[in-house]
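Heads up: the structure comes next, in structure tokens.
No lab work stands behind these numbers, since they all come straight from the coordinates. Note that this is a predicted model, so its numbers are computed, not measured. As a convention, Cβ positions derive from the backbone with ideal geometry for all residues, glycine included, and neighbour counts pool all protein chains shown.
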Amino acid sequence: MSNAYVIGVDFGTDSVRSVLVAADSGQEVAAVVFAYPRWRDGLYCNARINQFRQHPLDYIEGLQHTIRECLRQAGPGIAPLVKGISIDTTGSTPIAVDKTGTPLSLRADLAENPNAMFVLWKDHTATKEAAEINAHGEGTPYLKYVGGIYSSEWFWAKLLHILREDESIRSNIHSFVEHCDWIPFLLTGGDDAAQLKRGICSAGHKALWADEFGGLPPDSFFTQLDPLLGGFTNKLFTRTYTSAEAAGHLSKEWAERLGLSTDVIVGIGAFDCHMGAVGGQIEPYYLSKVMGTSTCDMLVAPKNEVEGILVKGICGQVDGSIIPGMIGMEAGQSAFGDAYAWLKQTLSWPLQWIEDAALRQQISDRILTGLSAEASSLQPTESSELALDWLNGRRTPDANQLLKGAFTGISLGTDAPRLFRALVEATCFGARAIADRFVSEGIPVKGLIGMGGVARKSPFIMQMMADVMNRPIRIHKSDQTCAAGAAMFAATAAGLYPRVEEAMQAMGQGFDLFYEPDPKRAAIYDTRYQTYQQLGNFLS
């Protein structure tokens with residue numbers, strides 16, 4: 001194994017990142033990032049109506065560029081030693097495909113149609129459809145493993161929305177596929193949508209698949225909701241796979257495009273936060289927080305210890321969705337880093353009048369750093385400005401994407417650092433609400449693991465998180481926990497490790513930052529958290 005390498009590919013919201021790592025130690029040999037050009041240019045998106053779509057060519061081009069560049073950086077002789085590739089993606093980010101499994105947006109006549117694109121996780125155009133699914137599912141067992149509330153961010157709501165909205169999609173769609181399931185299908189040369197392997201991660205958390213139902217809910221459940229959904233269950237899937245399993249071998253076409261061998265194993269895909277939790281060395285009952293544009297909060301528990309417990313208002317609990325053999329539970333916030341980016345963009349509006357592009361960028365780059373430095377010097381009080389973090393709706397607890405953010409307690413003495421501080425505090429309160437929901441439903445939270453760019457780059461935010469949660473937080477050493485987790489699954493799918501837990505132990509990089517709660521600030525935040533909840537109840 002000392003001469004074996006694997007590749008982990010992490011498809012994020014703005015870019016794709018590939019890492020080439022040594023399978024015996026997890027040591028990173030090369031890492032490359034590719035920003036999606038069409039997404040960067042704002043194509044196929046309309047933020048005013050919460051429409052966020054991505055073209056599959058952004059993914060394809062990024063996949064090829066990052067892997068080839070990783071191999072180039074690693075030098076000659078490494079490519080033949082690569083044994084496996086696994087990928088993670090955002091989700092739920094599905095797309096309409098034809099019978100061959102080809103996305104409709106790769107057809108010339110639909111190449112510019114937003115409804116033929118991948119419907120990004122944060123697209124909230126399907127709020128009406130989600131509400132209908134929730135009303136229709138009341139009294140049935142089909143929502144119980146997704147926290148009892150179906151979200152507009154998920155598979156069936158998005159499918160129903162684009163079917164209703166677009167006749168050209170209705171006329172050409174054969175099936176609907178998650179991004180994390182489609183990329184392995186692409187890499188293995190798939191040409192039949194019926195043969196596409198679906199991961200338990202995407203199926204269980206977003207598409208209502210469960211062993212108890214024998215798979216998906218029956219066709220009658222969907223047909224009674226809307227006849228447009230009739231027959232789709234027969235075109236989707238009955239079997240699911242864990243990310244420790246193989247989707248197949250790299251196809252000849254993709255082996256040539258990437259400069260690899262057809263002996264390379266391609267693993268079953270999963271969502272970024274699930275593989276990120278593994279890359280961050282998750283432990284039972286530790287809430288692993290992948291913090292980026294949004295947050296995904298992951299928790300695993302032994303099946304025998306949580307049997308009969310159904311946590312309300314989260315994004316689901318699924319057997320094997322994170323670690324095979326354990327129950328994986330997912331929660332999260334719809335806006336985290338996105339909330340800070342919104343404030344930065346708002347404050348940056350006058351910069352458009354600065355003609356010097358370099359100066360304009362220099363000032364823009366310093367805004368959040370300056371706000372953090374100034375806000376960290378402000379002491380919290382019970383009467384400080386207060387915010388709600390629902391700028392992109394609320395994912396958990398209790399999904400409601402129609403909710404809006406808010407600021408209260410603003411006066412003429414309120415400045416930008418105080419607004420920023422209130423917004424950071426609100427995102428930390430949102431995180432606490434998630435932990436509190438697990439605890440109130442009978443799932444202990446023994447500790448917190450922080451991962452992602454915010455966790456590593458913002459001591460101010462992480463210290464406030466520790467104070468608000470009144471729990472210590474340890475920060476994983478890796479900057480790329482999602483890609484690292486994908487690499488661990490690649491090593492497992494390729495047979496280099498019998499279980500992903502062993503890959504995690506051997507390849508994990510450990511923790512290097514630690515935050516302890518301050519008792520005095522924790523007491524103030526406890527009072528302010530109650531006010532935050534009251535404000536949320538008033539406005540929701």
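By its C-alpha gyration tensor, with a ≥ b ≥ c as the square roots of the eigenvalues, how is the chain shaped: rounded for a/c under 1.5, else prolate for a/b larger than b/c, else oblate?
rounded
How far apart, in nm, are two points set 7 Å out from the Cα along the Cα-to-Cβ line at D226 and at K520?
My value for the distance between the label points is 5.6 nm.
Taking the Cα centroid of the range 472-519 and of the range 382-444, what is the distance between the two, rounded to the nearest whole Å?
29 Å
Take every DSSP beta bridge whose two residues both sit in the range 383-482, then give the antiparallel share in percent to the nearest 5.
Close to 50 percent.
Between K144 and D14, what FRET efficiency follows from the Cβ-Cβ distance if R0 is 25 Å, with the result rounded to 0.05?
Computed FRET efficiency for K144 and D14 comes out at 0.15.
Full extension from E256 to D356: what is 0.36 nm times the residue separation minus their Cα-Cα distance, to one decimal in nm?
Net length gain for the segment: 31.6 nm.
So in the chain, which Cys have no other cysteine's beta-carbon sitting under 4.7 angstrom from theirs?
C45, C70, C180, C201, C315, C428, C482
Label point 7 Å out from E212 along Cα-to-Cβ: which residues of the range 149-164 have amide N under 16 Å?
Label zone hits: 149-150.
For the chain, return all DSSP H helices satisfying: extent of Cα atoms along own axis at least 24 Å; mean Kyte-Doolittle hydropathy at least 1.6.
none
Label Q534 and E307 with points 7 Å out from Cα along Cα→Cβ: what is the distance between them in nm?
Output for this residue pair reads 4.5 nm.
In whole Å, what is the distance between the alpha-carbon centres of the range 111-185 and the range 261-284?
Each part's Cα centre sits 24 Å from the other's.
Enumerate the lysines that K289 could reach by cross-link, defined here as Cα to Cα under 27 Å, with residues fewer than 8 away along the same chain left out.
Straight-line reach from K289, under 27 Å: K122, K144, K158, K206, K303, K312, K344, K404, K446, K457, K477, K520.
Expressed in nm to one decimal, what extension gain is obtained for the pair L57 and R164 from 0.36 nm per residue of sequence separation less their Cα-Cα distance?
36.0 nm
Using the per-residue mean of other Cβ atoms lying within 10 Å as a proxy for protection, in what order, highest first, do the peptides 327-337, 412-422 fall?
Highest-to-lowest ranking by the protection proxy: 327-337, 412-422.
On a full-extension model of 0.36 nm per residue, what is the gain between D219 and T369, subtracting their alpha-carbon distance, rounded to one decimal in nm?
Additional length available on full extension: 48.8 nm.
Out of the DSSP beta bridges found with both residues in the chain, what percent are antiparallel (nearest 5)?
Once the DSSP bridges in the chain are tallied, antiparallel ones form about 70 percent.
With each label point set 7 Å from Cα along the Cα-Cβ vector, what nm distance links L402 and K344?
So the two model labels end up 3.2 nm from each other.
How would S261, S105 line up from fewest to most surrounding beta-carbon atoms within 10 angstrom?
S261, S105
What is the order of I309, I367, I461, fewest Cβ neighbours within 10 Å to most?
Result, fewest neighbours first: I309, I367, I461.
Find the relative contact order for the chain and round it to a whole percent, using C-alpha pairs within less than 8 Å whose residues are 6+ positions apart.
In percent, rounded to a whole number, it is 16.
For each of T295, T100, count neighbouring Cβ atoms within 10 Å of the residue's Cβ, then give the residues from fewest to most.
T100, T295
If packing is taken as the average count of other Cβ atoms within 10 Å, what order do 85-91, 8-14 fall into, highest mean first?
Peptide ranking by packing, descending: 85-91, 8-14.
Alpha carbon centre of the range 192-237 versus the range 1-53: separation in Å?
Answer, in whole Å: 28.
How large is the helix-only mean residue ellipticity at 222 nm for the chain, computed as the sum of -39500 (n - 2.57) over DSSP H runs with n ≥ 4, divided by its residue count, in deg cm²/dmol to the nearest 500?
So the calculated ellipticity at 222 nm is -11500 deg cm²/dmol.
Report the calculated FRET efficiency for L412 and K457 (r = Cβ-Cβ distance, R0 = 35 Å), to the nearest 0.05.
The computed FRET efficiency comes out at 0.60.
Which order, highest average first, do 280-287, 379-386 follow once you tally other Cβ atoms within 10 Å for each residue and take the mean per peptide?
280-287, 379-386
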